[in-house]
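A.B. asks: Structure provided below as structure tokens; questions to follow.
The values are calculated or read from the model by the stated rules, or taken from the named source; none is laboratory data. Just so it is clear, the structure is predicted and the values come from calculations on it, not from any experiment. Neighbour counts are summed over all protein chains in view; Cβ atoms, including those assigned to glycine, are modelled from backbone coordinates with ideal geometry.
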Amino acid sequence: MPRPRTLEEPEEGWPLGWGAGLVEFRTFLVVERGLSANTAAGYLSDLAHLAAWAVARDLPSVTLTRDHLSAFLAWQQSQGKAPRSLARMSSSLRAFLTFLRMEGGEGAGPEAVVKAPRPPRILPRTLGESQVEALLAAPDTATPLGVRDRAWIELLYASGLRVSELAGLPALAIFLDEGFLKVAGKGRKERLVPFGASAEVWLRAWLVLRPGFHPKSAELFVGQRGEGLTRQHLWRLLKGYARQAGLRAEAVSPHVLRHAFATHLLDHGADLRAVQAMLGHADISTTQIYTHVHQTRLRALYDQLHPRSGGG
């Protein structure tokens, strides 16, 4: 079977009419739906597998039927794909077929994709409050780089930003006196997110030092040469500070801090809708995963402390 092709290959590299449709679909995702290049790449990666499967059977995209799509997903399952991967692939197929229908295609529509089994709910990894405190204390704040790193770790925990949002955050998006920042999230949707007094203190300290780094871009956090910090750079730095704090580096990531932000807010009585708004979740069901974490921790606390729980 032909290997799945990558997004960078020219459309003429896709046989039987697949190329033009996928290139146009990528443009639709990025330009019209406002998805990131990484998200669009995920869609196209799934569709590359479908194209390779269809080409091996001489099936152009316009001739695919419900039976073809079901056979493809069954074949993917036989290859050992996990339920979560199958669910994501089904979503990619529906999005592509919706696009083809919008463009006047007469082949199978999104309704032809049989919904994959719901993947098992995986509770997000998080950190306890004392672990976060240890992580925050790890940077050497006697140095300018340490102040910078304390500031962005404080902000990450205080606001629940995605690491990509933090990396691209402009300095002008911070409103210190008001205690808010403005961030462009997924789909370029803007939201206002509050942050607390501790983050404000370290942000003010960093903004005093930032001009000395001779910033070459608008990003709030820059490196020693004035360039904006990338997601990968932030990830590596956080892993290093996790080790310094005596935490398992593999258990700490920017996204784990985002989870800690949400679960700690709920632990202290925050409203789920407010947490949803701060996280930038389009659907409340995405945020509800944190209520399961919260309930699990409440149950453990009850079992530990209540005199009639059987565990005290």
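A.B. asks: Could you identify the single residue in L86, L73, L100 that is part of a helix (DSSP H, G or I), outside the structural domain of R188 (by TED's automatic domain parsing) and in contact (Cβ under 8 Å) with a residue 60 or more places away in the chain?
C.D. replies: Just one listed residue meets the conditions, L100.
A.B. asks: Among the residues of segment 26-42, is there at least one that is of a type in the set (K, R), outside the structural domain of E165 (by TED's automatic domain parsing), assigned to a helix (DSSP H, G or I) and surrounded by 15 or more Cβ atoms within 10 Å (Cβ to Cβ)?
C.D. replies: Taking every residue of segment 26-42 in turn, at least one turns out to be of a type in the set (K, R), outside the structural domain of E165 (by TED's automatic domain parsing), assigned to a helix (DSSP H, G or I) and surrounded by 15 or more Cβ atoms within 10 Å (Cβ to Cβ).
A.B. asks: Any residue at all in segment 87-96 that is of a type outside the set (S, T, N, Q), within 30 Å of E165 (Cα to Cα), at pLDDT 80 or above and surrounded by fewer than 14 Cβ atoms within 10 Å (Cβ to Cβ)?
C.D. replies: No, there is no match, as no residue in segment 87-96 is of a type outside the set (S, T, N, Q), within 30 Å of E165 (Cα to Cα), at pLDDT 80 or above and surrounded by fewer than 14 Cβ atoms within 10 Å (Cβ to Cβ).
Conditions tested, residue by residue: (1) assigned to a helix (DSSP H, G or I); (2) surrounded by fewer than 18 Cβ atoms within 10 Å (Cβ to Cβ); (3) at pLDDT 85 or above.
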| position | (1), (2), (3) |
| --- | --- |
| R225 | no, yes, yes |
| Q232 | yes, yes, yes |
| L238 | yes, no, yes |
| A242 | yes, no, yes |
| G246 | no, yes, yes |
| L257 | yes, no, yes |
| H264 | yes, no, yes |
| A270 | no, yes, no |
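A.B. asks: Quick one: L181 ticks every box in (1) part of a strand (DSSP E or B); (2) exposed (fewer than 15 other Cβ atoms within 10 Å of the Cβ) except a single one, so which number is it?
C.D. replies: That leaves (2) as the condition not met.
A.B. asks: Out of R33, R57, report the one residue that is among the charged types (D, E, K, R) and without any contact (Cβ under 8 Å) to a residue 40 or more places away in the chain.
C.D. replies: R57
A.B. asks: Among the residues of segment 254-272, what is the count of those that are in contact (Cβ under 8 Å) with a residue 60 or more places away in the chain and of a type in the set (G, A, S)?
C.D. replies: Number of matching residues: 2.
A.B. asks: Of the numbered conditions (1) in contact with an Asp or Glu (Cβ under 6 Å, 6 or more places away or on another chain); (2) touching a residue at least 60 places away in the same chain (Cβ under 8 Å), S92 satisfies every one except a single condition; which is it?
C.D. replies: With (1) in contact with an Asp or Glu (Cβ under 6 Å, 6 or more places away or on another chain); (2) touching a residue at least 60 places away in the same chain (Cβ under 8 Å) applied to S92, the lone miss is (2).
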